[in-house]
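The values are calculated or read from the model by the stated rules, or taken from the named source; none is laboratory data. Everything numeric here is computed off the predicted structure, so don't read it as measured data. We place every Cβ from the backbone using ideal geometry, glycine too, and count neighbours over all the protein chains shown. Areas reflect the complete protein model, heavy atoms only, side chains present, ligands, DNA and RNA absent. Shrake-Rupley method; radii C 1.70, N 1.55, O 1.52, S 1.80 Å.
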Amino acid sequence: MSRPAIAQINLDHLRHNYRLLNQRVGQSEIMAVVKANAYGHDQSLVGPILLEEGCRSFGVTDATEGSELRAIIGKHNSTEITLLSGVFDAEDAGLCLDCRLTPAITELNQIELLTKAGFNGDIWLKFDSGMNRLGAADPATLFSLVSDAGLHVHGFMSHLACADEPEHPMNLAQAKNFFETCNLISPDTPKSLLNSAGLISLQDYAFDVVRPGIALYGAEPVPDQPFGLKPVMSLTGEVMQIREVQAGASVSYGATFISEKTMKVAVVSMGYADGIPRPLSNQGAVYIRGEKHPIIGRVCMDYTMVDISNSEVQPGDSVEFWGEHISTNEVAAEIGTISYTLFTGVGERVRRQAV
Ligand SMILES: Cc1ncc(COP(=O)(O)O)c(C=O)c1O
């Protein structure tokens with residue numbers, strides 16, 4: 001039997017979230033963002049389900065992820081796989097050709113790499129509208145260079161900096177900048193601006209294609225304006241052992257937890273190498289047998305200790321770190337991070353299991 005360290009992936013919840021988003025976006029097409037192995041959910045589980053739900057556009061980071069996804073979803077339908085970070089070298093450009101990938105272009109050298117590889121397909125032109133992250137500085141010039149090189153601009157793309165704060169003035173400023181720039185260069189070229197949170201804060205700017213990621217996986221992008229999403233991942237370990245700890249004794253590395261009374265402690269089968277954030281040491285809780293139990297002592301590489309005093313918890317009981325009963329937003333808030341880092345931090349050695 002394998003070590004109990006499992007990310008259960010609830011495919012019905014994935015379907016539910018996709019359908020909910022699809023209703024919300026109306027006429028716009030969804031580009032499902034499945035980069036970083038579907039935010040840690042396993043693109044080989046997620047890709048086929050989204051395909052079945054009618055999704056025909058996917059966003060990944062680079063050509064390696066793109067070629068892996070192409071092998072999963074197949075070549076022969078109308079699916080588009082966009083490389084949100086473009087191409088880095090000749091090998092990537094070759095993969096665009098072989099696997100029919102659609103790179104997002106931000107620099108002239110990417111056009112050169114693609115044309116040298118014999119690529120003459122679709123690209124996205126990604127430009128900056130105020131976030132000052134990756135994006136062409138002069139989209140008008142890049143647009144003409146792309147066309148001169150015989151490539152086809154499938155659409156313009158930009159990304160929002162503050163979409164998870166719906167009232168933030170940058171949202172509207174970026175949207176206007178994006179819209180005006182696109183229209184100056186080529187009004188008929190499709191546009192894509194919104195991520196998950198953008199669908200709440202700026203729905204009027206959904207344009208032709210929207211690019212939700214986190215919402216597909218069921219973490220509410222704006223927690224106080226919930227969509228009604230369902231969590232796709234439940235990260236679950238198991239109680240391996242139960243110890244009685246005497247008053248005055250310590251638990252785990254560094255002896256940072258000292259028991260004030262005799263207590264029952266469960267040793268759980270997952271630690272930071274599985275993606276349990278070490279900052280949860282002496283903070284936060286897990287869910288066992290219908291109740292939350294506090295994490296005590298430092299999270300170790302392979303184990304986490306939990307106070308189960310006054311409970312019926314038994315060895316072999318299932319332990320949820322996040323999922324149906326504890327949201328990733330809740331865990332993230334506890335340790336000053338975001339649900340994205342929890343999902344993408346789930347260790348490779350954790351088995352992804354479709355449920
Ligand atoms: C360019 C781009 N579009 C869309 C997304 C999806 O964002 P979210 O997961 O917030 O919906 C990301 C994620 O970082 C991104 O970088």
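When the surface is traced with a 1.4 Å probe over the full set of protein chains, residue 258 keeps roughly 90 Å² accessible.
In sequence order, the stretch 226-239 has phi-based couplings of x, 7, x, 7, 10, x, 8, 9, 10, 8, 10, x, 9, 6 Hz under the Karplus curve 6.51 cos²θ - 1.76 cosθ + 1.60, θ = phi - 60°, and Gly or Pro positions carry x. Ratio of Rg to Rh for the stretch 233-354: 0.95 [Cα atoms; Kirkwood radius as inverse mean 1/r over pairs]. Dipole magnitude for the chain: computed about the Cα centre from +1 point charges on Lys and Arg Cβ and -1 point charges on Asp and Glu Cβ, it is near 600 debye.
Placing +1 on the Cβ of every Lys and Arg and -1 on the Cβ of every Asp and Glu, with nothing else charged, gives the stretch 1-146 a dipole about its Cα centre of roughly 460 debye. Output the 0 to 90 degree angle, nearest 10, between the alpha-carbon long axis of helix 43-52 and the longest principal axis computed from the alpha carbons of the chain. Approximately 60 degrees, to the nearest ten. Take each peptide in 195-204, 161-170, 214-223, count the other Cβ atoms within 10 Å of every residue, and average; sorted highest first, the result is 214-223, 195-204, 161-170.
Across the stretch 11-217, counting alpha-carbon atoms alone, Rg and Dmax equal 16.2, 46 Å. Evaluate E = 1/(1 + (r/R0)^6) for residue 325 and residue 258, where r is the Cβ-Cβ distance and R0 equals 35 Å; express this FRET efficiency to the nearest 0.05. With a Förster radius of 35 Å, E is 0.75.
In this structure residue 131 has an accessible area near 60 Å², from a 1.4 Å probe over the protein heavy atoms.
Where does helix 139-148 land angle-wise versus the long Cα axis of the chain, in degrees 0 to 90, nearest 10? On a 0 to 90 degree scale, this one is about 60. Between residue 191 and 156, 208, 209, the built amide H atoms are under 5 Å apart, and every one of these is 5 or more places off in sequence or on another chain. Largest first, the residues 312, 260 sort by 1.4 Å accessible area into 260, 312. Using 0.36 nm times the number of residues separating residue 168 and residue 68, minus their current alpha carbon distance, what extension gain do you get? My answer for the length gained is 32.3 nm. Close amide H partners of residue 296, meaning residues 5 or more places away or on another chain with modelled amide H under 5 Å apart, are 282, 305, 306, 307. Taking Cα atoms only, the orientation of helix 169-185 departs from the longest principal axis of the chain by about 30 degrees. Residue 227 exposes around 30 Å² of accessible area when a 1.4 Å probe is run over every protein chain in place.
In order along the stretch 324-334, the phi-based Karplus estimate (6.51 cos²θ - 1.76 cosθ + 1.60, θ = phi - 60°) of 3J(HN,Hα) comes to 5, 10, 10, 7, 5, 4, 5, 4, 4, 4, 4 Hz; Gly and Pro are listed as x. DSSP assigns beta bridges within the chain; of those with both partners inside it, close to 50 percent run antiparallel. Between 254, 150, 118, the Gaussian network model of the chain with springs among Cα atoms under 10 angstrom shows the greatest mean-square fluctuation at 254. Relative contact order, percent, of the chain when contacts are C-alpha pairs under 8 Å separated by at least 6 residues? Averaging sequence separation for qualifying contacts and normalising by length gives 18 percent for the chain.
Working note: Karplus 6.51/-1.76/1.60 with θ = phi - 60° gives the stretch 218-224 the couplings x, 8, 5, x, 10, x, 8 Hz, where Gly and Pro are set to x. Normalised by 2.2 N^0.38 Å, with N the number of residues, the alpha-carbon radius of gyration of the chain equals 1.12.
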